[in-house]
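Below is one structure, written out as C-alpha cells, with a few remarks after it.
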Amino acid sequence: MRKLIVYILSLIIVFTGYFSQVTKNSDENDTKVVETYIEVYSNDSKDIEARVKNYIINSQGNKSEAEKIKWSKTFLDKVDIESLYNQYISNGGEADDLNKFANYITLNAPIRDDWEDLFKKEVYDTYGEKITKLEYLGKDLYQAYIKKNNVEIPYVVVSSRTGYFHG
C-alpha cells in the first residue's frame, strides 16, 4: 500500500510539473520523492503567503477603493496564511486566484484574542488618539470612541478580524 501511495504521489508530482523525472528504484528513493514533494508544497505555501500579503496591501489590480479588500498590515502579519491556504485548497479553492484567496482569508481568518489591544495601539501610534470605548455593531464590526473636550464621540469603525478601520 505504501508503494502505491508513493507511486500516486510521484505521478501527481510529475503531472504538476514539479519534477521532470521521478525514480522509484528503492525505498530510499521513494522517501526522497515524498520528502521533496512535501518541501515543494511547503515552499508553494510560503510563496502564496508573500504573494497574497502583497496583493492585499499593495495592489488588487484595477479595483476601486470601495471594492478593495482592506486589512491592517499589523493584523495581516499575524494571520496564519499557510493554514488558511491549506483550508482554502482543501475546500476546492483555486490555487492561483489571489483575489479569491484574499477574500477567503478576509472571511475566514480567526479573530485574535488581542485584537482590541492591537487596534488601540495602531490608532494611538498613527493618530495619537486613545480609544475609550468599543461598541459592537454586528458581525466583526465595532464603533470606536475617543474623548474630545471631555465628551465621548464616535471616531472610527473597525473590523475585529482585519483591523481595518475608517471613520
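Please report 98, 107 as a ranked list, fewest other C-beta atoms within 10 angstrom at the top and most at the bottom.
The most exposed by this proxy come first: 107, 98.
Determine the shape class of segment 55-107: with a ≥ b ≥ c the square roots of the Cα gyration tensor eigenvalues, call it rounded for a/c under 1.5, and otherwise prolate if a/b is greater than b/c, oblate otherwise.
Numbers: a/c = 2.39, a/b = 1.32, b/c = 1.82.
Oblate, because a/c is 1.5 or more while a/b does not exceed b/c.
Quick check on segment 115-166: take the gyration tensor over C-alpha atoms, sort the square-rooted eigenvalues as a ≥ b ≥ c, and tell me if it's rounded (a/c under 1.5), prolate or oblate. Mind showing how you got there, number by number?
Details: a/c = 2.29, a/b = 1.30, b/c = 1.75.
In terms of gyration-tensor shape, oblate.
Rule-based calculations on the coordinates, nothing more; no lab input. On a predicted model such as this, the values are computed, not experimentally measured, just so you know. Note that we place each Cβ from the backbone using ideal geometry, even for glycine, and neighbour counts take in every protein chain shown.
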